[in-house]
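The values are calculated or read from the model by the stated rules, or taken from the named source; none is laboratory data. Every value quoted in this text rests on a predicted model; they were computed, and no experiment measured them. In this analysis, Cβ positions are derived from the backbone assuming ideal geometry, glycine residues included, and neighbour counts consider all displayed protein chains. Surface areas here come from the heavy atoms of the whole protein model, side chains and all, with no ligands, DNA or RNA. Shrake-Rupley method; radii C 1.70, N 1.55, O 1.52, S 1.80 Å.
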Amino acid sequence: MRSTLIFLAILFAPSYGQAQTALDTIEVSTARQLTPLRSALRTIGLLRDTRLQSTGARTVSEALEQIPSLDLRHRGPLDIQVDPGIRGGTFDQTLVLVNGIKMTDPQTGHHQMNLPIGLGDIQRAEVLESGGSRIYGPNAFSGAIHLHTPVSGPDRLRATLCGGSYGLFRADVQGQINTGSWFSYASVSGAQSDGYRSNTDFTYGNVWAQTGFIRGDRQLLIQGGYNAKAFGAQDFYSSRYAEQFEATRTLLLSARYSGGTAWRYMVQGYARQHNDHFELFREDDAYYTYRDGVFVTGQGDTAVFFPGVTADWNYYRGHNDHRTRVVGGEASLSHEWGRAGTTSIGIEMRQEGIVSNVLGKDLDKPIDVWGQSRGQYLKGDQRTIGSAYVEHGARWGRWTWNGGVLINTNSAFGADWLPGLDVGYRVAPSALIYASADRSFRFPTFTDLYYNLGGARGSADLQPEYSVNLELGARVQLAEHATHLALFQRDGRELIDWVQWKPDSLQAENLTRVTMRGVTVGWGWTAPIRWLDHLHVGYTGLWAESEALGVPSLYVLDHLRHKVVLTGQHTWNHWSLSWMANLQDRAGQYVEFPSGQSTNYETVFLLDLSIRYTRPAWSVYLSGSNLLDREYVDRGNVIQPGLWVQGGVQVDLVR
């Protein structure tokens, strides 16, 4: 192995002497302290602002598609609902953070990508491609996606307008202003579309603001955001009741203060509220209207769960409303001991609560749903989560290591411990071999525990699920080239999934065991030639070993088997051309509606392209996604859009 990596370093020797300065400035969150990317002891998928914007991606998830270990399963376009998974993990097993704040929603992982930021607000995206509970706590079961907005930058004001297929209209405004050591940034964005087929129309809006200061080693960051979505949810959760509708709202507030040199400290507090309004039968003049306690169509058909049954229990009586609130705080302290390394300690407290008309235990008194004339919260639940951790890392010659343990307590599930160890050996200045082992877990969501509607039934007896993650990797990083290879295994136990024991029902259960093995390999070239800016190719392959259930499961046994991603960007004078080719081969099956037959997912090849003409103060662009107009599904019977074209103009009003 050592001779192989030295050979690779020699192979890339033309840029060898430039490697260290450039790559040492890129820091990533693979441990409690930021680490230079070239020294990271874990596999990290990293996208900075240039690559985030360079494929013609319209949304956060479309940009993240460049990372081959990520499985981004869309139920709607333009991030209306997208479920991220890492190395075969589910959306509930993946943690999403914004500037260090966990976006976990205790109702369901479907909501953690309801972000109050857009693609234009992100400076850097990191993907920890293995279990991260030692670093991030619960729910980083298979990894974490960490999105960073810029905390400083030049004064600017930018506006973007665009339109496209299916009545798409989008508008974005972003602005930054600096006064002495203080910085302030704000953005407002929104979009709407008529939809690409029946009941797929949507609207959404974001507001994001942050302010703070940087004074030497001290930094203050105050941030807040609001996201609102309303969309037709055709086939999202059931094809038997296909004409669904959902509206969500997310509110996030946080503050963080940090500083110190030899002794570094950080304190932060945060609060997140999420509202979810779900209609199994869409209430709209074109669908169903409410009359005398039931929902009927314009033709007089009544909304029922089972056609032909006239019993009172069979009538659909009302919609689902859920409100989750999460408040928490965290404090950490670290000290660098010189050659002995760096020690970090910290604590976090977090309270998660829900009120709902269907999820939880009976409330003492109903609570009216704000903004709904008929809705009431009748049930609720809450839990308190506490964590304490210690971590130490050091470098001895060519060896680097980092290890620690997190102790977690949960008022509903008791206490547990999550250890981990990372070790690296530098065989050459730009070549590193690394290995890691850790134990991760996640708690059942309130949906897993309590949901009971439309044939889906949760279980109050569910327990946390656990994984032991092993990884062996190698990385060669040079100024113009980057190559990495990783072999990994995740041994999951007591996994939570929705199992289809009967054709018309789903049951949440702790499955026994699933072992996921795989390989990730990638190569990137930042080209020194005029017409090619960069070229990247990546591949992830997964092989699952599980106890045979004999029946379909909804998530755990349904994952990408192979994913190949190729991206590039070309420039000539004022013109640029960006593209992404994506091949996905998915394991698992879904029950096709209305035939009821178990159906294999088809392999799909997707091609996206964007052309842009840029002048100093403005640019215009034209982009297309799914250029080959492939019909495919990411999840069950939810058909994805075919060819979607959009064009727009971007103006820098202050530069």
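Quick notes
- Residues (under 24 Å from the mean Cα position of the chain (by Cα) and either open to solvent by 70 Å² or more (accessible area, probe 1.4 Å) or not small (Gly, Ala, Ser) (or both)) located in the range 598-616: Tyr601, Glu602, Thr603, Val604, Phe605, Leu606, Leu607, Asp608, Leu609
- Scanning the range 574-584 for residues that are assigned to a strand (DSSP E or B) and open to solvent by 30 Å² or more (accessible area, probe 1.4 Å) yields Trp575, Leu577, Trp579, Leu583.
- Scope the range 449-485; condition part of a strand (DSSP E or B), more than 30 Å from Tyr539 (Cβ to Cβ) and open to solvent by 50 Å² or more (accessible area, probe 1.4 Å); matching residues: Asn452, Arg457
- Total residues in the range 551-573 satisfying the condition of being modelled with pLDDT of 90 or more, touching a strand residue (DSSP E or B) at 6+ places or on another chain (Cβ under 6 Å) and surrounded by fewer than 20 Cβ atoms within 10 Å (Cβ to Cβ): the figure is 7.
- Subset of the range 585-597 [open to solvent by less than 60 Å² (accessible area, probe 1.4 Å) and at negative phi]: Asp585, Arg586, Ala587, Tyr590, Val591, Glu592
- Under the condition of being among the β-branched types (Val, Ile, Thr) and surrounded by 15 or more Cβ atoms within 10 Å (Cβ to Cβ), the residues counted in the range 522-539 number 2.
- Being open to solvent by less than 40 Å² (accessible area, probe 1.4 Å), free of Cβ contacts under 8 Å to residues at least 60 places away in the same chain, of a type outside the set (A, V, I, L, M) and under 24 Å from Val267 (Cβ atoms) is true of Gly386.
- Filtered residues of the range 617-630 (kept if in a strand (DSSP E or B), open to solvent by 70 Å² or more (accessible area, probe 1.4 Å) and within 16 Å of Trp579 (Cβ to Cβ)): Leu622
- Residues in the range 273-301 that are of a type in the set (Val, Ile, Thr) and either over 26 Å from Leu359 (Cβ atoms) or touching a residue at least 60 places away in the same chain (Cβ under 8 Å) (or both): Thr289, Val296, Thr297.
- Selection count, the range 336-357, where residues are over 25 Å from Ile101 (Cβ atoms) and open to solvent by less than 40 Å² (accessible area, probe 1.4 Å): 2
- Meeting the requirement of 1 or more residues that are under 30 Å from Ser576 (Cα atoms) and not polar (S, T, N, Q), the strands (runs of 3 or more DSSP E) wholly within the range 493-546 are 513-529, 532-546.
- Restricting attention to the range 84-98, the residues that are part of a strand (DSSP E or B) and surrounded by 23 or more Cβ atoms within 10 Å (Cβ to Cβ) total 7.
- Listed here are the strands (runs of 3 or more DSSP E) enclosed by the range 296-414 that have at least 1 residues being among the basic types (Lys, Arg) and over 34 Å from the mean Cα position of the chain (by Cα): 361-368.
- Among residues of the range 209-234, those that are assigned to a loop (DSSP other than H, G, I, E, B) and either under 21 Å from the mean Cα position of the chain (by Cα) or modelled with pLDDT of 95 or more (or both), counted: 2
- Residue check for Arg490: touching a residue at least 60 places away in the same chain (Cβ under 8 Å), closer than 24 Å to Glu65 by Cβ, part of a strand (DSSP E or B) and basic (Lys, Arg): yes
- Within the range 318-335, restricting attention to residues that are farther than 30 Å from Arg218 by Cβ and charged (D, E, K, R), the residue that is surrounded by the fewest Cβ atoms within 10 Å (Cβ to Cβ) is Arg325.
- Extreme residue, farthest from Glu631 (Cα to Cα), among residues of the range 176-191 that are crowded, with 17+ Cβ neighbours inside 10 Å and not aliphatic (A, V, I, L, M): Phe183
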